[in-house]
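Encoded as structure tokens, the structure appears first; notes follow it.
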Amino acid sequence: MSSLTDSVATALKLILAFDAQLLAIVGRSLAVSAMALVLASVGGLVLGAWLGVARFRGRDAVLALLNTLLALPSVVVGLVIYLLLSRSGPLGFLGWLFSLKAMVLAQTVLVLPVVTALTRQAIDDAERAHGEQLRSLGARPLLRSLLLMWDERFALLTVLIASFGRAISEVGAVMIVGGNIDGFTRVMTTAIALETSKGDLPLALALGLVLLAVVLLLNAGVTLLQRWRRSRGETGGLAWVP
């Protein structure tokens, strides 16, 4: 018990002292996950919104595939991207293997199905509630998806936060394609795994506490936004439709 107490105390000291190594790892983690989220959001929000309003033959099969991708093992994604980026792979000429670019790519592939599936669900629910009203006003699928995205913006913000949590907590794929190189590709999750295996519990605990704090702050931000929305009387329901 004393060993655990000492490790926690040392971890808190590292955080409060703004340890250089700790800050570097945290900054790298945030940068990689944020870039992956941006790239995944560009396609995921649009594709998810379209799937939410579109009705076409084979849609159920597409949705089944999308839901299956939500459980895509991160190590499998890492392996596939490793093979693609390796020197003998089709994308080997890029020279991205064991770099931050490869890590961003891996996290983007993992996060894209999450953004798409959760966006599709939010827009689909909104379409069932308000789609008939919008169609009666002559809104075509593209316009309906854009209007519903705006109306569900707080729900989509929650989607993005959940997706960011998926990205920043991922370890398997980024370790495979990034190599966990000290000072270059080491992020919070890979550092926690490495330092724990080495027995350096204080640094691992410090990184774990920071990781939890990041997620907590993001969720607190969403809660505050939702309260601010309610205080302004914004309750949704297509209030902008005449």
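The values are calculated or read from the model by the stated rules, or taken from the named source; none is laboratory data. Please read these numbers as outputs of a predicted model, since none were measured by experiment. Here the Cβ positions follow ideal geometry from the backbone for every residue, glycine too, while neighbour counts run over all protein chains shown. Surface accessibility is based on the protein's heavy atoms, side chains included, excluding ligands, DNA and RNA. Shrake-Rupley method; radii C 1.70, N 1.55, O 1.52, S 1.80 Å.
Taking the average, over residues, of other Cβ atoms within 10 Å as the packing measure, peptides 19-30, 44-55, 174-185 rank 44-55, 174-185, 19-30 from highest down. Relative protection proxy for 59-66, 207-214, 165-172, from highest mean packing down: 165-172, 207-214, 59-66 (other beta-carbon atoms within 10 angstrom).
In the stretch 112-185, the alpha-carbon atoms span a convex hull of 102 Å³ per residue. Ellipsoid fit via the Cα gyration tensor, the stretch 1-97: semi-axes of 39, 22, 15 Å, each the root of five times an eigenvalue, largest first.
Kindly give Rg over Rh for the chain, based on alpha-carbon atoms, with the Kirkwood expression for the hydrodynamic radius. Taking Rg over the Kirkwood Rh, I get 1.06. Only protein atoms count toward the accessible area here, which uses a 1.4 Å probe; on the chain, the carbon and sulfur part of that area reaches 69 percent. Length gained on full extension, Asn219 to Leu79: 47.2 nm, using 0.36 nm per residue less the C-alpha separation.
For the chain, hydrophobic long helices are taken as DSSP H runs at least 18 Å long by C-alpha position along their axis with mean Kyte-Doolittle hydropathy of 0.5 or more; these are 2-16, 20-53, 153-168, 201-231. Within the listed set Leu203, Leu146, Leu160, the Gaussian network model of the chain (springs between alpha-carbon atoms below 10 Å) gives the highest mean-square fluctuation for Leu146.
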